[in-house]
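Since the structure comes first, as structure tokens, the remarks are kept for the end.
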Amino acid sequence: MAKMNPCFLDLKENYLFKEISKQVNAYTSAHPDNKIIKMGIGDVTQPLAPVVIEAMKKAVDEMGRKETFRGYEDSGQGYGFLREAVKGYYEKRGVSLDCGEIFISDGAKSDSGNINDIFDSSCTVLVTDPAYPVYVDSNTMGGKTIKYADSTPENGFAAMPPEYPADLIYLCSPNNPTGSVYTREQLKKWVDYALKNKAVIVFDAAYEAFITDPELPRSIFEIEGSRECAIEICSLSKTAGFTGTRCGYTIVPEELMFYAPDGSCHSVRKIWARRQGSKFNGVSYPVQRAAEAVFTDEGIRQCAEIIKYYLDNAAIMIKTFRKLNISYTGGTNSPYIWFRCPDGMGSWDFFHKLLNEAEVVGTPGEGFGKNGEGWFRMTAFGSREKTVEAMERLEKMLSK
Ligand SMILES: *Cc1c(COP(=O)(O)O)cnc(C)c1O
């Protein structure tokens, strides 16, 4: 008899996005002439940059010619040209990596979910609350014990290390959903905590390209001691609009070690390479060429222009929240704005009010964890026109 992995029974129903679409569908059938604006989606809306399209087309043509056709890629870690490009991207910020430490992936969601494969189920996992749901779900599937570090208004929704120890730590900065960004000093505290506990930090840097403040770290490897305790997971999804194209990369430093239950010491990089070699066959060649183009000077320039478009949306949103005297985090160095629901409303009450009175859809904060209760997430990924219109409607609704 094929028995199921019982850990899957411990997963919480993915109630948040189901409930949102149920409510929106009910509203749209009752109001067929609605003008709903969606400010809830964590997906980009602007097309791929011209350099990316050009590189992808060229690579597709190569695949159609006998002399330049490519089959399976040898290394399984990604083509050398792309790993060199990622290495160069980090070098610009003073972080030096070896190509062997870079693993090309089909995105940050897969790797942040899959990484728990190589850690023992006895590990205590520390996740910030609120958080991107993948960390909790994947570790629940892996049968691990999960503890929470609280992100609260008092710490600017940037959780700091707890008093108790943990073995595997998930951090996300700039944060989804709260938009908070760790400073160097704060990240150093996490690195020190991890080193003290012989723990590993999984650092999700999916939004690093939104950091415009040069004082803020874009990679955990800008922090001293991090090569002995951290893995960085990154993605081209938000950096370059690759949500539908699929490409990311994970960095596992050579120095990073962990222990087997028998006490033997192993390289995390080698074990991750072994895991990927067995369960993953790489990213398509045209996509890797497209990703390579993102890291050229012209690619960085074109992608920065698109990111600026989103950040300008966020600035418009912030102006509205300031004017309305609503407390918020994010919106600078991040595409997310996380704000307290007005008049002490609960997340879902505010969701309903916003949908029914302003025809604007956002994401109730409690869907990301208990500390999100009474808070709300809006994204800056929409068009300029719709962002402006949504803010006008919000203002009108709240000044009634
Ligand atoms: C969007 C996002 C990702 C990126 O996921 P991909 O699988 O690369 O598209 C990773 N982490 C967080 C926190 C995100 O919001």
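3J(HN,Hα) couplings calculated from phi for segment 358-370 with the Karplus curve 6.51 cos²θ - 1.76 cosθ + 1.60 (θ = phi - 60°) are, in sequence order, 10, 6, 10, 10, x, 10, x, x, 5, x, 9, x, 4 Hz; Gly and Pro show x. Restriction of the GluC sites (Glu not before Pro) in segment 130-190 to DSSP coil positions whose beta-carbon has at most 14 other beta-carbons within 10 angstrom yields E163. When shorter helices are ignored and each DSSP H run of at least 4 residues is given -39500 (n - 2.57), the per-residue value for the chain at 222 nm works out to -11500 deg cm²/dmol. Taken one residue at a time, the phi angles of segment 146-151 give Karplus couplings (6.51, -1.76, 1.60, θ = phi - 60°) of 10, 10, 10, 9, 7, 9 Hz. Gly and Pro are set to x.
Taking only the C-alpha atoms of segment 6-54, the Rg (one decimal) and the largest Cα-Cα distance, Dmax (whole number), read 17.4, 47 Å.
Length gained on full extension, R65 to K3: 17.6 nm, using 0.36 nm per residue less the C-alpha separation. The Cβ shell under 11 Å around L82 holds other residues with a net charge of 0, Lys and Arg each +1, Asp and Glu each -1. Hey, could you get me the Stokes-Einstein D for segment 127-201, Kirkwood radius over alpha-carbon pairs, 20 °C and 1.002 mPa s, rounded to whole µm² s⁻¹? The Stokes-Einstein estimate is 169 µm²/s. Distance from the C-alpha centroid of segment 118-143 to that of segment 49-92: 33 Å, rounded to the whole angstrom. Sparse packing (at most 15 other Cβ atoms within 10 Å of the Cβ) combined with a DSSP loop state is found for the following trypsin sites (Lys or Arg not before Pro) in segment 78-155: K92, R93.
Could you tell me the distance between the Cα centroids of segment 357-398 and segment 176-206, to the nearest Å? The two parts, judged by their Cα centres, are 28 Å apart. Applying the Karplus relation 6.51 cos²θ - 1.76 cosθ + 1.60 with θ = phi - 60° to segment 99-114 yields 3J(HN,Hα) values of 4, x, 8, 9, 10, 7, 10, 8, x, 6, 5, 4, 5, 5, x, 6 Hz, where x marks Gly and Pro. Put simply, the amide H of T124, placed in the peptide plane, has neighbours under 5 Å in D167, L168, leaving out anything fewer than 5 places away on its chain. Given R₀ = 35 Å, what would the calculated FRET efficiency be for I41 paired with E255, taking r from the Cβ atoms and rounding to 0.05? FRET efficiency, I41 to E255: 0.35.
Candidates N176, A260, L354 compared by Cα position along the dipole of the chain: farthest toward the positive end lies L354, with charges placed on Cβ.
Write down the percent of antiparallel bridges among all DSSP beta bridges whose residues are both part of the chain, to the nearest 5.
50 percent
Straightening the chain between E215 and N325 buys 36.9 nm, computed as 0.36 nm per residue apart minus the Cα-Cα spacing. When chymotrypsin sites (Phe, Trp or Tyr not before Pro) are flagged only if DSSP places them in a loop and at most 11 other Cβ atoms lie within 10 Å, the longest unflagged stretch of the chain comes out as 73-400.
With a cut-off of 14 Å on the backbone N, no residue of segment 155-169 is near the modelled label site 7 Å out from D262 along Cα-Cβ. Give me the base-10 log of I(q)/I(0) for segment 235-347 at each q in 0.14, 0.16, 0.18 Å⁻¹, Debye formula, one uniform scatterer per Cα, rounded to two decimals. After summing over all Cα pairs, the log10 values are -0.83, -0.90, -0.96. For segment 11-72, the list of trypsin sites (Lys or Arg not before Pro) that fall in a loop by DSSP and count at most 15 other C-beta atoms within 10 angstrom reads K12, K35, R65, K66, R70. Its convex hull of Cα atoms gives the chain a direction-averaged projected area, equal to a quarter of the hull surface, of 22.4 nm².
Each reported figure results from applying straightforward, stated rules to the coordinates on display, with no laboratory input. Fair warning: this is a prediction, and the values are worked out from it, not measured in the lab. Heads up, the Cβs are rebuilt from the backbone with ideal geometry, glycines too, and the neighbour counts pull from every protein chain shown.
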